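Structure first, commentary second.
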Amino acid sequence: MNWVDRILESKAFRTIIKGTFWGCIAVALLILFMIGSFLFKIYILDYRFDDGELHPPIEASINEKLSSMNKVLQTK
């Protein structure tokens with residue numbers, strides 16, 4: 001059992017545990033940031049989420065303007 005104590009008290013083992021801990025925190029913060037960014041785009045910037053893709057609001061307004069212009073041109 002002496003080798004187990006040596007491993008647990010070694011500096012390398014502590015470094016691995018600390019690295020794993022901070023790595024998990026970094027991954028969790030990255031995931032929270034990605035979810036927050038997505039929700040910000042959907043609710044604040046009015047992006048549309050269709051077919052697994054985000055479509056910016058500018059694209060929607062341009063498409064609406066073009067379709068309304070086509071309707072006006074077709075009626076003349």
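Put simply, the amide H of Tyr47, placed in the peptide plane, has neighbours under 5 Å in Ile42, leaving out anything fewer than 5 places away on its chain. Computed extension gain for Thr15 through Phe33, at 0.36 nm per residue and net of the alpha carbon distance, reaches 3.8 nm.
Largest first, the residues Lys41, Lys18 sort by 1.4 Å accessible area into Lys18, Lys41. Using a probe of 1.4 Å, the accessible surface attributed to Ile58 totals some 120 Å² when neighbouring protein chains are kept in position.
The values are calculated or read from the model by the stated rules, or taken from the named source; none is laboratory data. Note that the coordinates shown come from a computational prediction; the quantities given were computed from them, not determined experimentally. These area figures cover heavy atoms from the full protein model, side chains too; ligands, DNA and RNA do not enter into them. Shrake-Rupley method; radii C 1.70, N 1.55, O 1.52, S 1.80 Å.
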